[in-house]
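Every number here is computed from the coordinates shown, using simple stated rules; none is lab data. In this text the structure is predicted, and so the values were computed from the model without any measurement. Neighbour counts run over all protein chains shown; Cβ positions are idealised from the backbone, glycine included.
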Amino acid sequence: MRLPFQPFTGPQHAPLRLNSDTPGAALLIHGFPGTPLEMNASAQALHLAGWSVSAPLLPGFGAEIENLPEKKMEDWLKSLQTEWQLLQRERQRPLILVGNSMGGALAQMLAAQSPPDLLILFAPFWKIPGGLWASLPWLKRILPEIQPFRAIKPDYRNPQFRRGLQEFLPGVDPDLPEVRRQIENFHLPLGMFDEIRRVGQGGQAAIPQISCPTLIFQGRQDPLVRPSLTRASLSRYQCPLTYVQIDGGHDLYDPARPSWPQVRQTLLAAAEETRRGAAIRARMM
């Protein structure tokens, strides 16, 4: 996958690790095509409340995003399992697992394998509705790559398109003719999307095995992870579940959004309740 230029190279996209003197830690997992930056506000809020936090960079993301098509779901899970085991050895309980979008599906699989004391999901990715998504396993064999901007001509004057471009390629200047040519010749491998499809399926399959209390944030206006899909999966949870639907889109984790104060307050309240519960259990032992 050749990109017009190198995105995600700044220090804000690097893995984040902040330790606290008090027991308890949180692992925060970013989504696609994100980096630890999107989990920074949640990580900082938890750290200020006394939690150690780790927000790793998944293999093939960040500055290595040109190598993303070579990575598989198993690569992402293995890296998270390693970091999760490290937190379990280093920090006393309670332990919190936080995942955003595709990272939410990975968090579901990890929680089913090695339960945290609390699972927090931001718009956990499941699938994209439609037959094209379901046909990716065989479609990628006959059509290895697509040129999305050849089929859909980009409207460079559209503010929504420009915002989306900045999210995927931070720092790009779509007004430069050379950049526009590179964007329009941009290739995407279908195999990469099939791995994302596998992650969504894996997250859904893991839901009945999740035993810890779970908090789900969902934006009412989310165009990527539709509220109807998230609601459809709620009945599959067998654990204590809190579902919070908020006015907002797919970026509820963003402190610049109006919804952030509500998200932050709810997240910290759930974390504190988990800490109190762990303390009570420790005294009873």
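Points to keep in mind about this one:
- Segment ARG93-ARG276, length gained on full extension (0.36 nm per residue, minus Cα span): 64.8 nm
- Here the gap between GLN209 and ALA63, fully extended at 0.36 nm per residue and compared with their Cα-Cα distance, gives a gain of 49.1 nm.
- Segment GLN12..LEU234, full-extension length gain: 76.5 nm, with 0.36 nm per residue of separation and the alpha-carbon distance subtracted.
- Region 210-285, relative contact order in percent, only Cα pairs under 8 angstrom and at least six apart counted: 31 percent
- LEU176/ASP254 FRET efficiency (R0 25 Å; Cβ-Cβ; nearest 0.05): 0.40
- By the beta-carbon count within 10 Å of each Cβ, the least crowded to most crowded order of ASP222, ASP75, ASP194, fewest first, is ASP75, ASP194, ASP222.
- Inter-label distance, nm, simple model (7 Å from Cα along the C-beta direction), LEU86/LEU48: 2.6 nm
- Burial ranking of peptide ranges 96-104, 245-253 (average Cβ count within 10 Å, highest at the top): 96-104, 245-253
- Likely footprinting exposure, ILE120, ILE216, fewest C-beta neighbours within 10 Å first: ILE216, ILE120
- Label positions at GLN221 and TYR156, each projected 7 Å from the Cα along the C-beta direction, are separated by 2.8 nm.
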